[in-house]
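Each value in this text was obtained by applying a stated rule to the coordinates, not by laboratory testing. All of these numbers come straight from a predicted model, not from anything done at the bench. Quick reminder, even Gly has a Cβ in these numbers, built from the backbone with ideal geometry, and neighbours come from all protein chains shown.
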Amino acid sequence: MDNSNLVSVLVLSYNNLKYINDCLNSILEQNYPYIEIIISDDFSNNFQKNEIQQYIEANRKENLVNYVINQNSSNLGIVKNLNNAINLATGNYFINLACDDVLFDSKVISSIVDFYSKTNFLVAAGHVAQYDEQLRGCLLTTPTWEYIKYTYGNPIDCYRKLCSGNFIPSPGMSYKRELINRYGLYDEAYRLIEDYSRWLFLTRNGCSIGYIDRFIVKYRKGGISNNRNPMIDKMFNDDLELIRKKEILPYINSIEDVIYK
């Protein structure tokens with residue numbers, strides 16, 4: 001089969017499976033004709049592979065070309081779990097999705113593929129909307145307009161802005177297989193923070209971040225940065241410190257030279 005049009009939606013889970021059917025519905029209801037679902041669970045204590053498989057089989061349409069349901073044999077952390085999902089995927093396009101998030105509407109995947117067909121970007125973000133737990137009321141949207149210009153501008157300017165903090169949404173991040181071929185998988189030196197370190201690495205290495213001018217994902221209030229226990233809090237802060245030491249501090253002077261030459 002020619003996988004050049006295949007979109008692999010990478011659904012990551014870890015003890016947040018309460019709303020996985022909502023997530024799956026948002027994928028299964030897409031109008032795009034070539035979809036692959038890769039579910040990778042990071043050793044949840046309530047993961048029911050058979051139930052998920054039965055749900056997909058009962059609700060799938062002809063556009064679901066393939067699906068894989070994986071559970072890691074131990075808890076690896078978000079970054080390694082994401083890399084596992086990428087390695088299981090066969091598509092030419094990838095979309096990252098947490099299992100308690102949903103694609104914004106039925107045309108999201110078609111819009112993403114259309115964006116890549118008309119541009120030279122290898123990776124892109126779009127608007128995301130935070131909702132309450134029941135997805136009934138929108139609480140906020142990101143990114144704010146003042147930051148959007150950096151996502152499709154000069155990558156070094158974007159990198160410099162990112163050094164002050166992450167402003168590019170992670171939910172629904174999409175990219176082409178060529179990005180992985182050119183820049184490699186996610187850096188497994190990090191355990192929990194997959195997005196901020198990746199944006200810094202890519203832009204520092206000259207990769208421009210595309211911006212898709214539409215809402216991509218509805219995500220529920222919460223997540224790793226909001227609901228943490230002391231152990232997770234430490235891992236999260238350790239990742240942030242490593243990002244500072246590995247992705248920012250060694251390059252400050254050289255990046256300034258590039259900007260002001």
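When Leu140 is tested against (1) without any contact (Cβ under 8 Å) to a residue 40 or more places away in the chain; (2) closer than 20 Å to Asp105 by Cβ; (3) assigned to a loop (DSSP other than H, G, I, E, B), just one condition goes unmet, and that condition is (3). Of all the criteria given as (1) closer than 21 Å to Gly126 by Cα; (2) part of a helix (DSSP H, G or I); (3) free of Cβ contacts under 8 Å to residues at least 40 places away in the same chain, the one not satisfied by Cys23 is (3). Regarding segment 77-90, can at least one residue be identified that is under 27 Å from Asp114 (Cβ atoms) and not in a helix (DSSP H, G or I)? Yes, some residue in segment 77-90 is under 27 Å from Asp114 (Cβ atoms) and not in a helix (DSSP H, G or I). Checked against the criteria, Ile69 counts as β-branched (Val, Ile, Thr) and within 11 Å of Leu10 (Cα to Cα). Residues that are of a type in the set (Val, Ile, Thr) and either part of a loop (DSSP other than H, G, I, E, B) or within 23 Å of Leu76 (Cα to Cα) (or both) within segment 26-61 comprise Ile37, Ile38, Ile39, Ile52, listed in sequence order. If you check Phe94, Phe167, Phe115 for being part of a loop (DSSP other than H, G, I, E, B), touching a strand residue (DSSP E or B) at 6+ places or on another chain (Cβ under 9 Å) and at negative phi, only one passes: Phe167.
Residue selection: Ile209 satisfies the criterion of being under 18 Å from Thr142 (Cβ atoms) and touching a Cys at 6+ places or on another chain (Cβ under 7 Å).
Candidates are the residues of segment 136-187 that are aliphatic (A, V, I, L, M) and more than 16 Å from Ser208 (Cβ to Cβ); the one that is surrounded by the most Cβ atoms within 10 Å (Cβ to Cβ) is Ile180.
Filtering segment 54-103 down to residues that are in contact with a Cys (Cβ under 8 Å, 6 or more places away or on another chain) and of a type in the set (Asp, Glu), which residue is surrounded by the most Cβ atoms within 10 Å (Cβ to Cβ)? In this case the residue turns out to be Asp101.
Here is a yes/no grid of residues against (1) farther than 26 Å from Tyr131 by Cβ; (2) among the charged types (D, E, K, R); (3) touching a Phe, Trp or Tyr at 6+ places or on another chain (Cβ under 7 Å):
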| residue | (1), (2), (3) |
| --- | --- |
| Ile27 | no, no, no |
| Tyr32 | no, no, no |
| Ile39 | no, no, no |
| Leu76 | yes, no, no |
| Ala85 | no, no, no |
| Asp101 | no, yes, yes |
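Every residue in segment 6-20 that is farther than 10 Å from Asp42 by Cβ and either without any contact (Cβ under 8 Å) to a residue 40 or more places away in the chain or within 13 Å of the chain's Cα centre (by Cα) (or both), please. Selection gives Ser8, Val9, Leu10, Val11.
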